[in-house]
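No lab work stands behind these numbers, since they all come straight from the coordinates. Keep in mind that what you see is a predicted model, and the values were worked out from it rather than measured. Quick reminder, even Gly has a Cβ in these numbers, built from the backbone with ideal geometry, and neighbours come from all protein chains shown.
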Amino acid sequence: SGGRPLETTFVCVAPLTGNSGVTWETSHVRYKLARVLWIPVEGQRTIPLARRRIGAPLLWSPDAEEELQLRRDWEELMDLIVLGKVERITARHGEVLQLRPKAANGRALTAAVGEFGQPILTLPRGFYLKKNFTAQLLARHFLL
């Protein structure tokens, strides 16, 4: 795939309730992204898994600019969750970080807050790094 990620990168499950007092500094997203071991694997779907080549690993931490981008997106997405607008969030929200459904099927529901503060059931959500963000950081480090 020319060194480009085929998919978004899962970071962690998004907390949809109990978010009072949570800040970027104390967030699970920041904790998970503080140090990431990237191991590039040849991803063309036509190549059987056992035949795919594995590239040199990279131990990565976000630089100041990347952390600022991640923080801005996390804060925007968490504001929407806290304000009861989780069901209005689309993959278009966020420049580098997005919130998407994370469930085995449509019957796996979890508690969340609705627009009027009422408890609702919705699909679990997860934080994902967008493909362009991952592609740029890998390109910088692997000189792609």
* Please work out, to two decimal places, the log10 of the ratio I(q)/I(0) at q = 0.12, 0.13, 0.15, 0.18 Å⁻¹ from a Debye calculation in which every Cα of the chain carries one identical scatterer. => -0.56, -0.64, -0.82, -1.07
* Under a Cβ-Cβ cut-off of 10 Å, what is the net charge of the residues other than Gly114 that fall near it, where Lys and Arg count +1 and Asp and Glu count -1? -> -1
* Asked: Per 5 Å bin, what percent of the C-alpha pairs of the stretch 77-139 does each bin hold, from zero upward?
  -> 4, 18, 23, 22, 16, 9, 5, 2, 1
* Structure fact -> Between Leu97 and residues 5 or more places away or on another chain, the pairs with built amide H atoms under 5 Å apart involve Lys130
* Calculated FRET efficiency for the pair Leu58/Leu80, C-beta based, R₀ 25 Å, to 0.05 -> 0.20
* Structure fact -> Simple SL model, points at 7 angstrom along Cα→Cβ for Arg92 and Trp24; separation in nm is 2.4 nm
* Amide H neighbours of Cys12 under 5 Å, counting only residues 5+ apart in sequence or on other chains, H built in-plane at 1.01 Å? -> Phe127
* Count charges around Glu87 for me, please; just the other residues with Cβ under 15 Å from its Cβ, Lys/Arg as +1, Asp/Glu as -1. => +4
* Structure fact -> CD proxy, 222 nm, the chain: helix-only mean residue ellipticity via -39,500 (n - 2.57) per DSSP H run with n ≥ 4, per residue, nearest 500, stands at -8000 deg cm²/dmol
* To do: Please report the relative contact order for the chain, taking Cα pairs under 8 Å with a sequence separation of at least 6, and give it as a percent rounded to a whole number.
  => 31 percent
* Structure fact -> About its Cα centre, the chain carries a charge dipole, from +1 on Lys and Arg Cβ atoms and -1 on Asp and Glu Cβ atoms, whose size in debye to the nearest 20 is 740 debye
